[in-house]
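The values are calculated or read from the model by the stated rules, or taken from the named source; none is laboratory data. The model shown is predicted, which means the values in this text are computed figures rather than measured ones. We place every Cβ from the backbone using ideal geometry, glycine too, and count neighbours over all the protein chains shown.
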Amino acid sequence: MTTSTTSGARISAHVHHPDDKPAKWQLAVLSFIGLYPLVMLASWVSSAWLPQLMLPERTLLVIALVVPTMTYLVNPLLHRLAHPWLHRARHAARPPAAHGFSPDKES
């Protein structure tokens, strides 16, 4: 989709089909890819630097570090890197709906 601005510059924007949401399994794979190394690193660091802490305390510390790191740093980065994979066309054979008409809907 290309639109023109008042200055005459052209802006290109990719418009996703409404059904083009990532599948749950894709999001689970990305979560695993992000969480596993992050939890391993945080667990290793916390056990090496704070061996006196009991397991529940260390686990609380790991979670307190991993959740915000995953939410604000790792997830956005992974989603940006995996965008083509997450949003590839799953309905390639179906033409895009024009003016609200969808061939799947009955009139």
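Overview of values
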| item | result |
| --- | --- |
| Members of segment 68-87 that are modelled with pLDDT under 95 and surrounded by fewer than 11 Cβ atoms within 10 Å (Cβ to Cβ) | Pro84 |
| Condition met for Thr71 (of a type in the set (Val, Ile, Thr) and within 21 Å of Trp25 (Cα to Cα)) | yes |
| Contacts under 7 angstrom Cβ, first residue in segment 24-52 being in contact (Cβ under 8 Å) with a residue 24 or more places away in the chain, partner of a type in the set (S, T, N, Q) and part of a helix (DSSP H, G or I), 6 or more apart | Gly34/Asn75; Leu38/Thr69 |
| Segment 12-37, subset among the hydrophobic types (A, V, I, L, M, F, W, C) and either touching a strand residue (DSSP E or B) at 6+ places or on another chain (Cβ under 8 Å) or not in a helix (DSSP H, G or I) (or both), residue modelled with the lowest pLDDT | Ala13 |
| Filtered residues of segment 50-67 (kept if surrounded by 11 or more Cβ atoms within 10 Å (Cβ to Cβ) and out of contact with any Ser or Thr (no Cβ under 6 Å at 6 or more places or on another chain)) | Leu50, Leu53, Glu57, Thr59, Leu60, Ile63, Ala64, Leu65, Val66, Val67 |
